[in-house]
Amino acid sequence: MNKTTFSRPWLGSAIAAVLAWGVTVFNGHGQGSGALLTVALSFSAFTILVSLGQMLVISVGPGNADLSIPSAIALSGAVAMRVMDGADAMIVPGVLAAVAAGVAVGAANFALIRLLRIPPIIATLAGSLIVMSIAINLGRGLKVKPPPLFAELTTLRLAGVPLIALVALAASLAVAWMLQRTVLGRSIEAVGQSERAARLAGIRVQRTRLAVYLICAGLAGLTGALIAGFAGGNSLDQGEEYLLLTIAVVVIGGTAVAGGRPSVPGIWGAAMFMFLLVAMLNAAGAGAGLRMLLTGLIIIAVIVLANPRMKR
């Protein structure tokens, strides 16, 4: 990769996504290329939403990562379906309740980190066990169906573009605007680059970290509600795949693991690449074990190529 690619780390994930799409279409003899792209947008939208929050958490410095995302998604999905209770009139309250449940998880995570001085990874992982137990008790193992209108909206396509993808685009634009135009955005980058320098500059470091954990968990809550609507009901395992997927997407997308350099465009390329990678391997007839092995090797290769700091 040349110097331009290094200065724009999101290019690596975008190129990888295009190549994965091209190989998959080639294996399918050029058939269904448009349909594949639409499906990729639909499923990648969920990954993009939660990865945006994970990106913000990782951006505030080394050691920061939210491992409670899967449990927050499970809890929020159960909350949303219980509040909606199959009624179209309760869609908005149900979505708001899901986001509120996610934000509560984020606040609890930060309380463990700040008050008990527990490392973020351990705090969020331990907290996820508590949150999952709450989700189990709340859901009671029952799959509550979403309201008909909500289920229709989560699968709706406008001019061939999934509505879910448009929601993810709106969230991405909002996060990008926040990073570039607000005090919070500048504080996130400053804290990630140097906590000591940020303190000397008068930035409230802990308040900044609290904000990113709340935003991350809130996006996980929204995703939980949307997944429940898309899948026809809540499920305790609906967030399982997002545990390490979000971290992989954030890093492959060009966000610096050391902090201080978020990359919103890279989230899109990396999320699409991860989905298309699985589709490509499925089209090639790879078994589950081989898919896992190849996926891991490709992720490592892309991370090294897309992140010059890690390469050095």
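The residues on offer are 188, 203, and the sole one that is modelled with pLDDT under 95, outside any helix (DSSP H, G or I) and buried (at least 16 other Cβ atoms within 10 Å of the Cβ) is 203. Checked against (1) of a type in the set (A, V, I, L, M, F, W, C); (2) farther than 29 Å from residue 176 by Cα; (3) not in a loop (DSSP other than H, G, I, E, B), residue 97 passes all but condition (2). In this structure, residue 129 does not satisfy being in a helix (DSSP H, G or I) and surrounded by 15 or more Cβ atoms within 10 Å (Cβ to Cβ).
For residue 255, are the conditions met, namely being hydroxyl-bearing (Ser, Thr, Tyr), under 24 Å from residue 38 (Cα atoms) and surrounded by 21 or more Cβ atoms within 10 Å (Cβ to Cβ)? No: the conditions fail for residue 255. Checking segment 138-159 against the condition returns a match, with at least one residue being more than 20 Å from the chain's Cα centre (by Cα) and assigned to a strand (DSSP E or B).
Could you look through segment 191-200, keep only residues that are in contact (Cβ under 8 Å) with a residue 40 or more places away in the chain and among the small types (Gly, Ala, Ser), and pick out the one that is surrounded by the most Cβ atoms within 10 Å (Cβ to Cβ)? Residue satisfying both the conditions and the ranking: 192. Helices (runs of 4 or more DSSP H) fully within segment 226-312 that include at least 3 residues being at pLDDT below 80: 264-283, 288-306, 308-311. Scanning segment 157-167 for residues being surrounded by 14 or more Cβ atoms within 10 Å (Cβ to Cβ) and in contact with a Ser or Thr (Cβ under 8 Å, 6 or more places away or on another chain) gives a total of 6. If the condition is being among the basic types (Lys, Arg) and touching a residue at least 12 places away in the same chain (Cβ under 8 Å), then segment 95-120 contributes only 114. Filtered by the rule that a residue be of a type in the set (Asp, Glu) and more than 20 Å from residue 162 (Cβ to Cβ), segment 220-251 gives 237, 240. The listed residues are 123, 74, 159, 151, and the only one of them that is within 27 Å of residue 276 (Cβ to Cβ), touching a Leu at 6+ places or on another chain (Cβ under 6 Å) and of a type in the set (A, V, I, L, M, F, W, C) turns out to be 74. Residues of segment 160-185 that are of a type in the set (Val, Ile, Thr) and either closer than 19 Å to residue 213 by Cα or in a helix (DSSP H, G or I) (or both): 164, 167, 175, 182, 183. Exactly one residue out of 97, 176, 151, 171 is touching a helix residue (DSSP H, G or I) at 6+ places or on another chain (Cβ under 8 Å), within 29 Å of residue 37 (Cβ to Cβ), surrounded by 15 or more Cβ atoms within 10 Å (Cβ to Cβ) and at pLDDT 95 or above, and it is 171. Somewhere in segment 178-193, is a residue more than 13 Å from residue 59 (Cα to Cα) and touching a Pro at 6+ places or on another chain (Cβ under 8 Å)? There is no residue in segment 178-193 that is more than 13 Å from residue 59 (Cα to Cα) and touching a Pro at 6+ places or on another chain (Cβ under 8 Å).
Taken over segment 221-254, the criterion of being in contact with a Phe, Trp or Tyr (Cβ under 9 Å, 6 or more places away or on another chain) and among the hydroxyl-bearing types (Ser, Thr, Tyr) is satisfied by 223, 242. Taking first residues from segment 212-233 that are farther than 23 Å from residue 152 by Cα and partners that are not in a helix (DSSP H, G or I), the Cβ contacts under 6 Å between residues at least 6 apart in sequence or on separate chains come to 212/60; 216/66.
The values are calculated or read from the model by the stated rules, or taken from the named source; none is laboratory data. The model shown is predicted, which means the values in this text are computed figures rather than measured ones. Counting neighbours? That spans all protein chains shown, and the Cβs are built from the backbone with ideal geometry, glycine included.
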